[in-house]
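Here the structure is laid out as structure tokens; the discussion comes afterwards.
The values are calculated or read from the model by the stated rules, or taken from the named source; none is laboratory data. From a predicted model like this one, the values you see are computed outputs, not experimental measurements. Methodologically, a virtual Cβ is constructed for each residue, glycine included, from the backbone with ideal geometry; neighbour enumeration extends over all protein chains shown. Accessible surface is based on the protein model in full, side chains and every heavy atom, while ligands, DNA and RNA are left aside. Shrake-Rupley method; radii C 1.70, N 1.55, O 1.52, S 1.80 Å.
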Amino acid sequence: MIREELIVAVCNDVSGQTRGKGFPASEREKRFKTGVGWVPTNVQITCFNTIADSIYGSLDDLILVPDESTEVRVDFEDDHPVEHFVIGDILHLDGAPWECCTRALAKKALASLEEETGLTLLSTFEQEFFYSGADCETWCGFGLNSFRGGARFGETLIAALTAANIKPDTFLAEYGPGQFEATLSPTPGIRSADECIILRELARSTATRLGERVSFSPLVTPEAVGNGVHIHFSFLDKNETPVTYDENSATGMSRLAGQFCAGVLTYMPAITAFTAPSVISYERLVPHRWSAAYNNLALRDREAGLRVCPASNVGGTPIDSQFNIEYRPADATGSPYLQIAALVSAGLQGIREGLDQPLPTTGDLSRLSEAELKKLNTRRLPTTLEAALREMEAEPQIRSWFSENFVDIYLKHKRKEIDTVNHLQPGEVFRKYIALY
Ligand code: GLU
Ligand code: MG
């Protein structure tokens, strides 16, 4: 059969879905300049393919313009079409960024951080997912034999990432039966969010080619181990020197890193509406799931909202270039661009306000009363998507970081998602999210 290669220009929108339009590869040069047409109301297409109320209606036009630095062309050398896509920015016809372009919102937050503090965010998204080709019956968490069951998938994924100019870090059989994890080296600025999307899409493409499926859904059954997205971050100054670590501070964090984390903790209950934004996300964010259930910071504790990660003297890498903090109440139903936009805006707010460096908590917070938690300056994160949306809606700062329109659009979008879930049978909810993410 005859075939002509297609390139798809894509965005990752408020539903966390990657959507776009294809064009012949022969038109690459022209389309990389002019982009493809995009429709404002697309922002209101939920993950369930329902459409929330849109202020744009059927009106107006935008363009989705590829950013060449994100171009992925992977020839898997099988009989499937070459994987060729490029992430773009959604612009008005005059070239101005569109208020609901998630990538523009992340870039704006990163630029404000850089302008106001001189800091560049260095980050990476650690992602967990289920792979249908694994043998769950004989599963052994972190086991070599379980790894073997996913090794064909893993090796192909790693080769695809490398072909896409991404530096893989690790690939492993996680604790949950059928669960794997892939990590990437940290990258500065917007690139980590781009790579988060590229990894997810290449994992899907790899699985499809092997006749299998992957799901990054935060929870595949109510009892299963969750799929987390953990955002590791640290900072570089203008000379690209790491500035997150201070050996003289109690947490190991520098003054600016401490203020940034204090801002993130202050706004964490509200920004979970962006970072863990599905109905089922809140069944993962409960104590004893090794996810995150409180807006606390702790040293090397996998139940903390912010975890100060370990740095080691073994191997000779200086501590200050290993030192990083991990944001844990995030999952793959959220757009990594909105996750970065929310995380950086909250952290920058902490720096602006000169907040005190947070004191690390210790022990199991679920054993403490509300009053005891209050003394530790921490509280339970919202327990439903609606509760998170209400926290977000009531937080005036959020309207100052994003636009008024964007916040209202986001609330309508997510409430439509809740409404759609309310019309599903209980068993169907998990199945739908598995299929969609
Ligand atoms: N699966 C856990 C989560 O839902 C994370 C386990 C880990 O620390 O790797 O976040
Ligand atoms: Mg893990």
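Structural remarks
- In this label model, SER58 and LYS167 are separated by 5.1 nm, measuring between points 7 Å along each Cα→Cβ vector.
- Per-pair calculated FRET efficiency, R0 = 60 Å: ALA371 and LEU210 via Cβ, rounded to 0.05: 0.65
- Length gained on full extension, SER112 to ASN49: 19.3 nm, using 0.36 nm per residue less the C-alpha separation.
- Accessible-area composition of segment 1-156, carbon plus sulfur, in percent [1.4 Å probe]: 52 percent
- Multiplying each eigenvalue of the alpha-carbon gyration tensor of the chain by 5 and taking the square root yields semi-axes of 31, 26, 24 Å, largest first, rounded to whole angstroms.
- Additional length obtainable on full extension of the chain from ILE418 to ILE319, 0.36 nm per residue less Cα span: 31.2 nm
- Taking the centroid of alpha carbons for each part, segment 94-127 and segment 190-240 are 19 Å apart.
- For the chain, complete DSSP H runs whose alpha carbons reach 20 Å or more along their own long axis and whose mean Kyte-Doolittle score is 0.5 or higher are 255-275, 336-352.
- Charge dipole of segment 309-433 (Cα centre as origin; +1 on each Lys and Arg Cβ, -1 on each Asp and Glu Cβ, all else neutral): 220 debye, rounded to the nearest 20.
- Springs between Cα atoms under 10 Å define the GNM used for the chain, and in it the highest mean-square fluctuation of SER249, SER132, SER215 occurs at SER249.
- The chain - mean residue ellipticity at 222 nm from DSSP helices (-39,500 (n - 2.57) per run, n ≥ 4, rounded to 500): -11000 deg cm²/dmol
- Projecting the Cα atoms of SER366, PHE180, ILE271 onto the charge dipole of the chain (Cβ charges, centred on the Cα centre) puts SER366 farthest toward the positive pole.
- Distance from the alpha carbon centroid of segment 307-341 to that of segment 389-410 works out to 26 angstrom.
- When you filter the GluC sites (Glu not before Pro) in segment 72-145 for DSSP loop state and at most 14 other Cβ atoms inside 10 Å of their Cβ, you are left with GLU77, GLU137.
- Distant-in-sequence amide H partners of ASP169 (H built 1.01 Å from N, under 5 Å): THR183, LEU184, SER185
- Length gained on full extension, ASN145 to GLU393, computed as 0.36 nm times the residue gap minus the Cα-Cα distance: 84.5 nm.
- Looking at segment 104-172, the chymotrypsin sites (Phe, Trp or Tyr not before Pro) that sit in a DSSP loop and have at most 12 other Cβ atoms within 10 Å of their own Cβ are PHE142.
- Taking a ≥ b ≥ c as the square roots of the eigenvalues of the alpha-carbon gyration tensor, segment 188-247 is classed oblate because a/c is 1.5 or more while a/b is no larger than b/c.
- Gyration tensor (alpha-carbon) shape descriptor, segment 326-431, a/c threshold 1.5: oblate
- Classified by the C-alpha gyration tensor, segment 85-216 has a prolate form. Its axis ratio a/c, with a ≥ b ≥ c, is 1.5 or above, and a/b is larger than b/c.
- In this label model, ASP364 and ASP408 are separated by 4.7 nm, measuring between points 7 Å along each Cα→Cβ vector.
- Two-site FRET efficiency, GLU29 against ASN239, from Cβ-Cβ distance with R₀ of 30 Å, rounded to 0.05: 0.25
- Over all other residues within a Cβ to Cβ distance under 10 Å of ALA52, the charged ones net out to +1, with Lys and Arg as +1 and Asp and Glu as -1.
- Its residues counted as N, segment 199-328 yields a C-alpha radius of gyration over 2.2 N^0.38 Å of 1.23.
- Cα-Cα over 23 Å, subset of LYS108/LYS238; LYS33/LYS107; LYS412/LYS432; LYS21/LYS412: LYS21/LYS412
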